[in-house]
1. At 0.36 nm per residue, minus the direct Cα-Cα distance, what do residue 56 and residue 81 gain on full extension? Give it in nm, one decimal, please.
2. Each label point is 7 Å from the Cα along the Cα-to-Cβ direction; what then is the distance between the points at residue 96 and residue 69, in nm?
């Protein structure tokens with residue numbers, strides 16, 4: 001058992017310096033975007049509400065959070081002085097109003 005452990009320890013450094021093409025793995029693409037493990041919100045719900053109220057000169061009367069294809073989206077229902085009600089969606093990652 002000690003011999004196997006010693007061989008494994010000796011083999012690991014050899015594998016570490018082998019190029020990816022020789023090791024059987026694809027070479028990493030330096031242009032690829034970094035993997036994200038957690039979605040972060042650049043815009044909070046409060047910020048989205050204030051932004052939409054200023055932009056549309058209306059009051060947010062209902063606010064919900066939804067997931068859309070892995071992205072957080074704020075769904076905001078608005079009411080203006082004339083009584084018109086409508087819904088807008090705000091992407092939490094970049095604040096884009098849909």
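1. Gain on extension, residue 56 to residue 81, equals 7.9 nm.
2. 0.9
Any read-out appearing in this document is the output of simple, stated calculations on the displayed coordinates, not a laboratory observation. Here the structure is a predicted model, which means the values were calculated and not measured. All Cβ positions, even for glycine, are placed from backbone atoms using ideal geometry, and neighbour counts span all protein chains on display.
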